[in-house]
Amino acid sequence: MNVNQHLPPQLTWYFDFISPYAYLQSECLEQFEAVGALQLKPILFAGLLKHWGQLGPAEIVPKRQWTFEHVVWQAHQHHIPIGMPPAHPFNPLPFLRLAIACECSREAVREIFRFIWLKGHAFENEAAFEELMSSLNKTRADLELPAVKEQLKANTEQAIINEVFGVPTILVESEGRPLQKFWGFDSSTMAISFIKREPFWSEKILAQAQNLPNGLQRKR
């Protein structure tokens, strides 16, 4: 092998169906598949919030409104069709377990996201959810399998070990470089730049940003 040739990076996409930004990025995953080996890993966003001691965007009233306005704007800018679920936040567990039961195939994950964020359905809409499961050849019993529940727990724990703090996050593992995380739909181009080893990633200002000393701390 040519010594100047790098192996394709391993990319892990951590997501939760509760995140509208994850929906937006789910519609653009081909850009990552073009530059690396992509693995989809559903995690429980609430588990990240609990671990890091954070509030979710929907738990801060003015941030909640801004979040959904921004999501709709981003969808408009990127020509991604979008709808709204009946209410937010909602319980994402059935959807996460369904994705795992489907072995996190790209097609299944896309269909589940669109069920929520395009068609505007909720888990509580039993007829619609039954139709979704049927289209994926799954039943409610599949969602209750211990192996499915354990996999979701393991995915979330591994994300925390990798210091993932939000969804969606792309984790990049590439030859000769430390793990790098890219949080949010709007960091997609940043992730692609890193994977392509563009000159920016050698700039001095980036090293200064990465090693900026911690300053005053707010009392908690």
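Just so it is clear, none of the values below were taken in a lab; they were calculated from the coordinates. Keep in mind it's a predicted model, so treat the numbers as computed, not measured. Note: ideal-geometry Cβ built from the backbone for every residue, glycine included; neighbour counts use all protein chains shown.
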Seminar exercise, completed: Nearest 10, in degrees from 0 to 90: the angle of helix 126-135 to the longest Cα principal axis of the chain is 60 degrees
Exercise. Given the stretch 115-211, what count of lysine pairs have C-alpha atoms under 25 Å apart, with each pair 8 or more places apart or on different chains?
Worked result: 7
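Placing +1 at every Lys and Arg Cβ and -1 at every Asp and Glu Cβ, with all other atoms neutral, what dipole size does the stretch 14-113 have around its Cα centre, in debye to the nearest 20?
Working: 7 positive and 9 negative charges, 67 e Å.
The dipole magnitude comes to about 320 debye.
Given N residues in the stretch 80-132, what is its alpha carbon radius of gyration divided by 2.2 N^0.38 Å?
Details: Rg = 10.6 Å, N = 53, 2.2 N^0.38 = 9.9 Å.
Its radius of gyration relative to the 2.2 N^0.38 Å reference: 1.06.
Below 8 Å between Cα atoms, with a sequence gap of 6+, how large is the relative contact order for the chain in percent? Please report the intermediate quantities before stating the final value.
On the way: 263 pairs, mean separation 65.1, N = 220.
It comes to 30 percent, rounded to a whole number.
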Seminar exercise, completed: In whole angstrom, the spacing between the Cα centers of the stretch 22-75 and the stretch 202-220 equals 24 Å
Problem set entry | ³J(HN,Hα) computed for each position of the stretch 42-58 - Karplus, 6.51 cos²θ - 1.76 cosθ + 1.60, integer Hz, glycine/proline x | x, 9, 8, 4, 4, x, 5, 4, 5, 5, 8, x, 10, 9, x, x, 6
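So for the stretch 90-168, averaging the separation of alpha carbon pairs under 8 Å that are six or more residues apart and normalising by length, what relative contact order in percent results? Intermediate results must be reported in sequence, preceding the final value.
On the way: 43 pairs, mean separation 26.9, N = 79.
Across the stretch 90-168, relative contact order equals 34 percent.
When the helices in the chain are scored as -39500 (n - 2.57) per DSSP H run of 4 or longer and the sum is shared across all residues, what 222 nm value do you end up with, to the nearest 500 deg cm²/dmol?
Working: 11 runs with 102 residues, N = 220.
One gets -13000 deg cm²/dmol as the mean residue ellipticity at 222 nm.
In the neighborhood of Thr67, defined by Cβ-to-Cβ distances under 15 Å, what is the net charge if each Lys or Arg adds +1 and each Asp or Glu adds -1?
Working: positive: Lys63, Arg64; negative: Asp16, Glu59, Glu69, Asp186.
Once all neighbours under 15 Å are counted, the net charge is -2.
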For this session: Select from the stretch 168-220 those GluC sites (Glu not before Pro) which occupy a DSSP coil region and have at most 12 other Cβ atoms within 10 Å, ordered by residue number.
Result: Glu175, Glu203
Problem set entry | Dipole-positive endmost among Ala87, Leu171, Asn125 within the stretch 66-220 (Cβ charges, Cα centre) | Leu171
For this session: Determine by what factor the alpha-carbon radius of gyration of the chain differs from 2.2 N^0.38 Å, reporting the quotient.
Result: 1.08
Problem set entry | Angstrom value of the Kirkwood radius, inverse mean 1/r, which spans all Cα pairs in the stretch 1-71 | 14.6 Å
Exercise. Taking the Cα atoms only, what angle lies between the long axis of helix 146-161 and the longest principal axis of the chain, rounded to 10 degrees?
Worked result: 30 degrees
